[in-house]
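Here's the structure, in structure tokens; my notes come after.
Please treat every number below as a calculation from the coordinates, not as lab data. All of these numbers come straight from a predicted model, not from anything done at the bench. Backbone-built Cβ (ideal geometry, glycine too); neighbour counts: all protein chains shown.
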């Protein structure tokens, strides 16, 4: 007589029947006791976890906001640096070819101020450092600086200085 037949003959239910050729099922874990549930409930309420998420957010959110604004500030500074590169190169080219915006009665500085205004930068923060053409070398240079102001006291002000050069046509 097999184990299953003996259990059925004795009137006991088969909790884990074993079929010939099959792998027996894994035993189930013991049931939770009321004491275990009560002790977990007691520990959770005594030490408390209700404010943990708020504390984590309060500690991490200012750092994440500062990082986000820092990335925005760097992006704006790099954008202004790119605009400055374009302006000084364009003004040096204008001087080199003797275009109307850069010749008398206009000046390269006034042309650069126009370019600054067109690119929505502050003309007040823009300064021309050096401008001129050297006929002996055959190169016109234009150097300017722009005082970039950060988003707030945590981000420093940066002075962006760029130099643009252009060759004079025919070495005149």
Quarter of Cα convex hull surface for region 59-171, i.e. mean projection, nm² = 7.8 nm²
By per-residue mean of other Cβ atoms within 10 Å, what is the highest-first order of 129-137, 161-169?
-> 161-169, 129-137
Note: residue 86 to residue 130 extended length (0.36 nm per residue) minus current alpha-carbon separation gives 14.2 nm
